[in-house]
Amino acid sequence: MTTMWGDSAYFGLDAEFNPDWFLTTEQKQLRRELIEVCHNVLRPNAIECDKTNAYPRANIEALAKLRLLAAIVPKEMGGRGENHVGITMIAETIARYGCPSTALIYMMHMVAVAGLVYRAKGNTEIESLLSRIDSECLIGTASYTDPETGGHFWYPKMSGAKRVEDGWHVHKKAAWTTSSGYADWYISQTTSPDFDGNYGNLSVFLFYKNEVKGSAGKWDAMGMHGNQSGPVEIDTVVPLNRIVGWPGDGAMSNDEAIDPLAMLMYAGSYNGVGLGCIDVAKRHVTRKAHVQYGRRVADYPTIQDVFGRAIMDAQASRLYAYSVAKALDDATDGGRWDIYYEDPKAMPRAEYALWCFKAKFLSTRFAFEVSDKMLQACGGRGYMRDVELERLVRDSKAGWIMAPSNEVTAQLIGKWGLFGSEAIDWWNQKVDEPVLMTELGKLDDAGKERIIAKLNSELQSKKVAAE
Ligand SMILES: Cc1cc2nc3c(=O)[nH]c(=O)nc-3n(C[C@H](O)[C@H](O)[C@H](O)COP(=O)(O)OP(=O)(O)OC[C@H]3O[C@@H](n4cnc5c(N)ncnc54)[C@H](O)[C@@H]3O)c2cc1C
């Protein structure tokens, strides 16, 4: 079926290139509705927000009207109960036809929703928030990245939490947070109240706008202008029920909720950005003529070759993402979250971690690379704003560097492949004895004595503290 764009057929890659066998009839209908909203609201605002750096609140309101802010929230809690395939399609559609900045805002919102929905049952505060997200248009975000540890967001060095009389005293500094100062609510990860140096001991908390010091209006970046990512500071006491799960639940939350959803949302969003580049470039090269040869740019075999390769790269990354999403749906009986309400230690999503990380790498690499190829194919005109490609080229660069960056991801996958998952050592806890002994071997006797004295003094202080 032809994709419609207002009253006309869509100018980009035809619908026959969509791997629609993954989608249900309802999901295809939802995509049609979403494309219409993209045409009428999201895309015009994408152009405007890119020019002015304004936060695209109207786009979020339009998504809330479609009941998409609570897309993955179970129906019993007032949501759509959308599965993993559905949420991948939604992210792809927002980024491709609408606004990449909005897609990234939506991604961080959905990651935060996943964190909440994972431990919602029995927490009246969380259940109440989830039930009002769409009706009150409450946009959330995930504030994780630490200023001292960058893209290794799972080391929240500048953070902590303490049990106090009225609840939890939480402090956190985050280097980047999408919707910083604009979000209505935030989830954030800190070291646990009983933290003793083990960074695997993390806790997750929920905060509202008035409890967080954001940085509205300070975002000044190459692309993703509407995204408004910026530092966040938290130093506040929150009631007891603002802990999501329980003290020390953070690592499981990462493995089971945050990471799988984040990687899928990256995949949908950046496949959408890459497809958007192909779409606008197709529009240009099929219109621009070279009268001296009586040909359009698209008629050159070399241009057809570039598009052929780009389309196949797109399909490889999309098929990969939808297939991982389908595997997650199969493992969770269609994207259910109540499995954790019956068995809090269940980990069906984490089984697919390896596959999820690869989806992030493949999609963000695809968007990064295809944006350059399309710019090249469009020539000088592609450099101009009205072709709509240069904005997408700038926006396409963010995914590669976002956490875990593609360098970190590739090394992680390589290490996993070479030595097995145990070798990953997420929190840098395993001692590399061969390296340690080699380094010690380089010391002369005085050097060795110095190290022995240092270690002895450390042991002595520990003994004294324990007594
Ligand atoms: C548009 C945008 C929105 C964002 N939104 C959010 C958000 O909502 N919430 C949030 O928590 N964070 C967010 N972030 C932060 C993001 O996820 C990353 O954590 C951040 O971009 C990392 O940047 P950095 O400068 O600290 O990079 P660094 O971590 O300092 O990395 C610098 C370079 O070193 C490389 N590198 C690092 N480690 C290794 C290694 N072991 N091997 C090889 N190379 C390595 C990296 O690949 C990179 O090229 C956002 C970032 C952007 C750009």
Given M222, M263, which one is in contact (Cβ under 8 Å) with a residue 40 or more places away in the chain, farther than 28 Å from V73 by Cα and in contact with a Lys or Arg (Cβ under 9 Å, 6 or more places away or on another chain)?
M222
Selection within region 168-184 - within 15 Å of the ligand (Cβ to nearest atom) and within 15 Å of V237 (Cβ to Cβ):
K172
I want to confirm something. Restricting to region 220-256 and keeping residues that are more than 15 Å from the ligand (Cβ to nearest atom) and under 18 Å from the mean Cα position of the chain (by Cα), which single residue is surrounded by the fewest Cβ atoms within 10 Å (Cβ to Cβ)?
D255
Test: Y118 is within 20 Å of D249 (Cβ to Cβ), among the aromatic types (F, W, Y), in contact with a strand residue (DSSP E or B) (Cβ under 9 Å, 6 or more places away or on another chain) and within 15 Å of the ligand (Cβ to nearest atom)
no
Take V37 and tell me if it is β-branched (V, I, T), in contact with a helix residue (DSSP H, G or I) (Cβ under 8 Å, 6 or more places away or on another chain) and more than 22 Å from V387 (Cβ to Cβ).
yes
In region 197-219, anything among the small types (G, A, S) and crowded, with 20+ Cβ neighbours inside 10 Å is listed as S203, G214
Against the condition out of contact with any Asp or Glu (no Cβ under 8 Å at 6 or more places or on another chain), farther than 26 Å from W154 by Cβ and away from the ligand (no atom under 16 Å from the Cβ), how does V387 come out, does it pass?
yes
Kindly list the number of the only condition in (1) surrounded by fewer than 21 Cβ atoms within 10 Å (Cβ to Cβ); (2) touching a helix residue (DSSP H, G or I) at 6+ places or on another chain (Cβ under 6 Å) that fails for K75.
(2)
Among all residue pairs at least 6 apart or on different chains, which show Cβ distances below 8 Å where the first residue, located in region 27-40, is free of Cβ contacts under 8 Å to residues at least 24 places away in the same chain and the second is among the acidic types (D, E)?
K28/D20
Which residue pairs have Cβ atoms closer than 8 Å, lie 6 or more positions apart in sequence or on different chains, and pair a first residue in region 379-407 that is without any contact (Cβ under 8 Å) to a residue 60 or more places away in the chain with a second residue that is part of a loop (DSSP other than H, G, I, E, B)?
E390/Y383; E390/M384
From the option list T102, T149, single residue qualifying as free of Cβ contacts under 8 Å to residues at least 12 places away in the same chain and within 13 Å of the ligand (Cβ to nearest atom) is T149
For region 324-339, give me each residue that is under 27 Å from S363 (Cβ atoms), of a type outside the set (A, V, I, L, M, F, W, C) and out of contact with any Leu (no Cβ under 9 Å at 6 or more places or on another chain).
K326, D329, D330, T332, D333, G334, R336
Determine which member of the set I139, I187, I133 is out of contact with any Pro (no Cβ under 9 Å at 6 or more places or on another chain), modelled with pLDDT of 95 or more and more than 16 Å from the ligand (Cβ to nearest atom).
I133
Options W416, W400, W337, W355: the member that is outside any helix (DSSP H, G or I) and surrounded by 15 or more Cβ atoms within 10 Å (Cβ to Cβ):
W337
Based on what the data block shows, is Y97 within 22 Å of F207 (Cβ to Cβ), in contact with a Ser or Thr (Cβ under 9 Å, 6 or more places away or on another chain) and either among the aromatic types (F, W, Y) or assigned by TED's automatic domain parsing to the domain that holds F205 (or both)?
no
Can you work out which of the residues in region 228-268 that are among the hydroxyl-bearing types (S, T, Y) and touching a Phe, Trp or Tyr at 6+ places or on another chain (Cβ under 8 Å) is nearest to P344 (Cα to Cα)?
S253
Among residues belonging to region 152-167 that are of a type in the set (A, V, I, L, M, F, W, C) and away from the ligand (no atom under 11 Å from the Cβ), point out the one that is farthest from M110 (Cα to Cα).
V164
Starting from region 1-18, take each residue that is closer than 18 Å to T286 by Cα and list its partners that are modelled with pLDDT under 95 and of a type in the set (A, V, I, L, M), counting only C-beta distances under 8 angstrom and pairs at least six apart or across chains.
A15/M1
If the requirement is being within 16 Å of S135 (Cβ to Cβ) and assigned to a loop (DSSP other than H, G, I, E, B), which of these qualifies: L68, L63?
L68
When you go through (1) within 22 Å of T102 (Cβ to Cβ); (2) away from the ligand (no atom under 12 Å from the Cβ); (3) under 15 Å from the mean Cα position of the chain (by Cα) one by one for G217, which number turns out not to apply?
(3)
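The values are calculated or read from the model by the stated rules, or taken from the named source; none is laboratory data. If you're wondering where the values come from, they're calculated on a predicted model, not measured in any experiment. All Cβ positions, even for glycine, are placed from backbone atoms using ideal geometry, and neighbour counts span all protein chains on display.
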